[in-house]
Amino acid sequence: MSAMNISDFLTVLKTRREHYQQLLELSRRQMELINENDYSQLLVLLGRKQRVLGCLDGLNACNPNLWQQWRTDRDSAEPALRDECEHVLAETESILAELLREEQSSTDHLTQQRDVTQRQLQAISEGSQIHEAYRDSLAPVTHRHLNIDQ
């Protein structure tokens, strides 16, 4: 692999790392918004995350054989550039691991909130059904008389 190609590879790796770092920062902010119950800002933030993911998709589409090329040509790359690429890859893996933890934490928290809300709605629903069942017996007593003269 020529120095230019490995440099291009390094540029792509650094760009990917930056995008994953952005996603990590957004995920941290996401958790803050979830804790604050600020769902309108959470929707805005999710839109920003979607744009970053779109950039990553575009990067992958422009470099569809990136990993195959790296596996094939990495041993022939200049040692300093190869080491830098491997360092960027290691940093990216670390960021991805932390991103996965953040996303899992957010998902778990939202799932818990959903379950609590579902239980509350179920309790309200059951309470309404019970109220309906007893409503007739709690209504004021009416005296109805059968008029047999009619």
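What follows is calculated from the coordinates using simple rules that are stated; it is not laboratory data. Source: prediction; values computed, not measured. Here Cβ is always computed from backbone atoms with ideal geometry, including for glycine, and neighbour counts include all displayed protein chains.
Given a Förster distance of 25 Å, report the FRET efficiency between Q41 and K14 from their Cβ-Cβ distance, rounded to the nearest 0.05. Could you put the intermediate results ahead of the total?
Numbers: r = 30 Å, r/R0 = 1.19.
With R0 = 25 Å, the Cβ-Cβ based efficiency is 0.25.
Take S40, S27, S7 and order them by how many other Cβ atoms sit within 10 Å, fewest up front.
On the way: S40 8, S27 20, S7 16.
Lowest to highest Cβ neighbour count: S40, S7, S27.
Once the other residues with Cβ under 10 Å from the Cβ of Q41 are scored (Lys, Arg +1; Asp, Glu -1), what is the net sum? Show your work: numbers first, answer last.
Details: positive: R29; negative: E32, E36, D38.
Summing Lys and Arg as +1 and Asp and Glu as -1 gives -2.
Give me the net charge of D75's neighbourhood, meaning all other residues with Cβ under 14 Å from the Cβ of D75; Lys, Arg count +1, Asp, Glu -1.
Details: positive: R71, R74, R82; negative: D73, E78, D83, E86.
Counting the neighbours of D75, the net charge comes to -1.
With θ set to phi - 60° and the Karplus curve 6.51 cos²θ - 1.76 cosθ + 1.60, what are the ³J(HN,Hα) couplings of the stretch 8-16 in order, to the nearest whole Hz, using x for Gly and Pro?
4, 4, 4, 4, 5, 4, 5, 5, 4
Residue separation times 0.36 nm, minus the C-alpha to C-alpha distance between R51 and L89: what's the value?
On the way: separation 38, 0.36 × 38 = 13.68 nm, distance 2.24 nm.
This chain segment gains 11.4 nm when fully extended.
Calculate the spin-label point distance for N60 paired with M31, positioning each point 7 Å from the Cα along the beta-carbon direction, and give it in nanometres.
About 2.4 nm, to one decimal.
Ordered by residue, what ³J(HN,Hα) values in Hz, to whole numbers, does the stretch 95-111 give under the Karplus form 6.51 cos²θ - 1.76 cosθ + 1.60, where θ = phi - 60° and Gly and Pro are x?
With coefficients 6.51, -1.76 and 1.60, one gets 4, 5, 5, 5, 4, 4, 4, 4, 5, 5, 4, 4, 4, 4, 5, 5, 5 Hz.
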